[in-house]
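Asks: Once you've had a glance at the structure underneath, I'll fire off some questions.
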Amino acid sequence: MKNRKIYNRISILRKGRGISRKELARKIGVNFQTVGYLEREEYNPSLDLAFRISEFFNLPIDMVFSTKPMKSIEKILMEKETNKNGKTTE
């Protein structure tokens, strides 16, 4: 069976926290090169690693990883704000 591509927000989340790849790698117990492969979506994480990353960022796993291209966080927030104001979204 062919592996599915796993999309992620690791780079955006890491940069938002102001931490390097090496720092993230140390916190989640992998080589810093693995973080680079994950950020470039050249490597799919194991289930355990996906949970460790999600737990590090204190986010649900589906906010960090997806099998479909992910909307930007800004777009999600704009859609939530639009829904909150009673307007329809696209």
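Asks: With 32 Å as the limit, write out which pairs from 5/80; 27/84; 22/80 have Cα-Cα distances beyond it, or answer none. Could the numbers behind the result be given before it?
Replies: Details: 5/80 27 Å; 27/84 36 Å; 22/80 34 Å.
Beyond 32 Å: 27/84; 22/80.
Asks: Which of the peptides 68-80, 3-15 is most tightly packed, and how do the rest follow, judged by the mean count of other Cβ atoms within 10 Å per residue?
Replies: Listed from highest to lowest mean packing, they are 3-15, 68-80.
Asks: Counting each DSSP H run of 4 or more residues in the chain as -39500 (n - 2.57), what helix-only mean residue ellipticity at 222 nm follows after dividing by all residues, to the nearest 500 deg cm²/dmol?
Replies: -15500 deg cm²/dmol
Asks: With an 8 Å cut-off on Cα pairs and a minimum separation of 6 or more residues, tell me the relative contact order of the chain in percent.
Replies: 33 percent
Asks: Take the Cβ-Cβ distance between residue 27 and residue 59 as r, set R0 to 22 Å, and report the resulting FRET efficiency rounded to the nearest 0.05.
Replies: FRET efficiency, residue 27 to residue 59: 0.95.
Asks: Determine the gain in length on full extension of the stretch residue 15-residue 51; use 0.36 nm per residue of separation and subtract their C-alpha separation, reporting nm with one decimal.
Replies: 11.1 nm
Every number here is computed from the coordinates shown, using simple stated rules; none is lab data. Source: prediction; values computed, not measured. Backbone-built Cβ (ideal geometry, glycine too); neighbour counts: all protein chains shown.
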